[in-house]
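The values are calculated or read from the model by the stated rules, or taken from the named source; none is laboratory data. Quick caveat: nothing in here was measured; it's all calculated off a predicted structure. When we count neighbours, we look across all protein chains shown, and the Cβ atoms used for this are built from the backbone with ideal geometry, even at glycine. To get the accessible areas, we keep the full protein, side chains included, count just its heavy atoms, and leave off ligands, DNA and RNA. Shrake-Rupley method; radii C 1.70, N 1.55, O 1.52, S 1.80 Å.
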Amino acid sequence: MGPWNRVSVAKCQMLVTSVFVLLLGLFVASMAALTYFGAHFAVIGHASPEDTPYEAMHHWLFYAGISLAGLLTLGAVLSAIATVREASGLMAGGFLCFALVFCVLTQMAFWRLHNPAQVEDAMLDIYDLVYDQAVKNPSGTQWQELLAIQDTFLCCGKSTPSSLLGSSEADLCLGEEATRQDCLQGIRSFLRTHGHITSTLASVGLASMVYAMLLSSFLGFAIRSGRILDRKGTYTLSPRARGRQPQEPSVFRRFQEELALHHLSEAGALHDRLGPRGRADGPRLLQDN
């Protein structure tokens, strides 16, 4: 495979990768919005007191997701435009966006590896706090917040033996609600499902960023090398049909052609002045001058 075939294949792969990264950024933005505005997270956030670890973590995850989505979108757009226009500067910008996304995803994977249950513990702590306050004061607002959490997660109460339940706890799960699962288990199940989706997106994102960085670095080098060779008049980046001259020759090549034409015109003029006798007329012409 010739160099031009490799560059053409890399361009096609870069365009396809840019579209995939753009869709990935859309998915990341959707997950960030779901994490912040989704019913399950919103009901916990509404019931949580101010200045809790969950509130700070909730805001941090949302802003991190939106930032990742923005970097993915920007990198995809810059790479696509750079591929079409053969602009090395735009390609470098796309590479930088992909590198930043790779660093952020690596940091998030490292954080999740060392703190796998931090979000889960924060949400369970809030539920325990709301549950205890609601049981102690059934007429307060905490009771309504507890019912809202249980209706959202389709759960009821906590796994406690019936003999140890108080009157308020016994009245909490009656009728159809008694068949629901334990709320602690329901919250864990929801967070694990959400965590699996997030981990899948992060893994796909890491693999895509590595591939996109390799493609962008190769194309950026090819574009820059093609421009350097084009200035020397021996190579152009854009492919030409075989047997055709470039439509826009380089400056060096045009200078060579103009210089050759100038020499030919001077030789023709000298030949006309010398006439058919050639060198014999030379001294006479010099004497006349």
Listed residues L34, L124 arranged by accessible area, highest first, probe 1.4 Å
L34, L124
Nearest-0.05 FRET efficiency for T141 and T200, computed from C-beta distance (R0 45 Å)
0.75
Note: F27 to H46 extended length (0.36 nm per residue) minus current alpha-carbon separation gives 4.3 nm
Mean Cβ neighbour count within 10 Å, used as a protection proxy, ranking 82-91, 202-211 highest first:
82-91, 202-211
Taking H placed 1.01 Å from N in the peptide plane, check which residues at least 5 places from Q181 or on another chain put their amide H under 5 Å from its amide H.
C156
Given a 1.4 angstrom probe, what's the average accessible area per residue across segment 1-55, in square angstrom?
57
Once you have the Cα-Cα distance between S225 and F37, take 0.36 nm times their residue separation minus that, and quote the gain in nm to one decimal.
62.8 nm
Explain nothing, just compute: Karplus ³J(HN,Hα) = 6.51 cos²θ - 1.76 cosθ + 1.60, θ = phi - 60°, for every residue of segment 195-207 in order, whole Hz, x for Gly and Pro.
x, 5, 5, 5, 5, 5, 4, 5, 5, 5, x, 5, 5
